[in-house]
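Trainee: A single structure is presented below for examination.
Please treat every number below as a calculation from the coordinates, not as lab data. Remember, it's a predicted structure, so these values are computed and weren't measured experimentally. Heads up, the Cβs are rebuilt from the backbone with ideal geometry, glycines too, and the neighbour counts pull from every protein chain shown.
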């Protein structure tokens, strides 16, 4: 029973444009959300996070938006760069160490 | 290197055999986690070690799975009598001190296990 869902397995975007990745969750007890990025043959690396007391967190080109009423969060990458081509995982926690992950979205940035 | 390392990177085994996967966490990280990612699915939490406290084994899928950690160093995940549904990438992560969501987990590259 997946509590975190990423319904788009892949996304293709042109360099310089915006990438929008979506994530939905079912557990209303989740209060901390994270995005991880993964390159082939490497482990996931932390990208950005947001606490449930906020609805937006920005770090450079990356912004995460949280809509608690809809149980939805999104990651915006602006502008997209070739080095952003990777698999992006959404994860959520009830505040402790157990992270529930989505299945990932593969982003391809076209030159 | 300063990152989390795992070995082997790939393991092919026959159904019914036992396998042992190894994780070397980042030095100084007291918290260690094992996850599994089956094809097309997200990472599933398996087990958590924090210092000398009793591990949280709540994510282990069956009693064929076990894990050990010596102090704050190497951990091994053992799968006995492997089944085809055990085929997955097994990822290890470590973090500093308290295992809270805001303490960044640093992942290793994983071990891809294939059970024939």
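Trainee: Only one of these conditions is not met by residue B:29: (1) more than 20 Å from residue B:115 (Cα to Cα); (2) at the interface with another protein chain (Cβ under 10 Å from one of its Cβ atoms); (3) in contact (Cβ under 8 Å) with a residue 24 or more places away in the chain. Which number is it?
Mentor: (2)
Trainee: Same structure, new question: Among the residues of the stretch A:14-29, are any buried (at least 17 other Cβ atoms within 10 Å of the Cβ) and over 14 Å from the mean Cα position of the chain (by Cα)?
Mentor: no
Trainee: OK, next. Name the residue that is farthest from the other protein chains (Cβ to nearest Cβ), counting only residues in the stretch A:47-59 that are part of a loop (DSSP other than H, G, I, E, B) and farther than 18 Å from residue A:99 by Cβ.
Mentor: Initial filter on the stretch A:47-59 (part of a loop (DSSP other than H, G, I, E, B)): A:52-55.
The next check asks that each one be farther than 18 Å from residue A:99 by Cβ; those that pass are A:53-55.
Numbers: A:53: 12, A:54: 13, A:55: 18 Å.
Among those residues, the one meeting the criterion is A:55.
Trainee: Need at least 2 residues that are within 13 Å of chain B (Cβ to nearest Cβ), under 22 Å from residue B:94 (Cβ atoms) and in contact with a strand residue (DSSP E or B) (Cβ under 6 Å, 6 or more places away or on another chain) per element, so show me which strands (runs of 3 or more DSSP E) inside the stretch A:2-46 make the cut, counting only ones lying wholly within it. Reasoning before the result, please.
Mentor: On the way: elements: A:10-14, A:19-25, A:32-38.
So the answer is A:32-38.
Trainee: Okay, next question. Hey, among B:90, B:48, B:35, which residue is within 14 Å of another protein chain (Cβ to nearest Cβ), in contact (Cβ under 8 Å) with a residue 12 or more places away in the chain, under 14 Å from the mean Cα position of the chain (by Cα) and under 17 Å from residue A:95 (Cα atoms)?
Mentor: On the way: B:90 fails: under 17 Å from residue A:95 (Cα atoms); B:35 fails: under 17 Å from residue A:95 (Cα atoms).
Unique residue meeting the criteria: B:48.
Trainee: In the stretch A:88-111, what count of residues is obtained for those that are closer than 24 Å to residue B:103 by Cα and in a loop (DSSP other than H, G, I, E, B)?
Mentor: Here is the first cut: in the stretch A:88-111, the ones closer than 24 Å to residue B:103 by Cα are A:88-105.
Those still in the list that are in a loop (DSSP other than H, G, I, E, B) too: A:94-95, A:97-99, A:102-104.
The total comes to 8.
Trainee: Regarding the stretch A:66-87, can at least one residue be identified that is in a strand (DSSP E or B), under 20 Å from residue B:36 (Cβ atoms) and free of Cβ contacts under 8 Å to residues at least 40 places away in the same chain?
Mentor: Of the stretch A:66-87, the ones in a strand (DSSP E or B) are A:66-67, A:72-77, A:86-87.
Okay, now just the ones that are also under 20 Å from residue B:36 (Cβ atoms), so A:87.
If we keep only those that are free of Cβ contacts under 8 Å to residues at least 40 places away in the same chain too, we end up with none.
Within the stretch A:66-87, not a single residue is in a strand (DSSP E or B), under 20 Å from residue B:36 (Cβ atoms) and free of Cβ contacts under 8 Å to residues at least 40 places away in the same chain.
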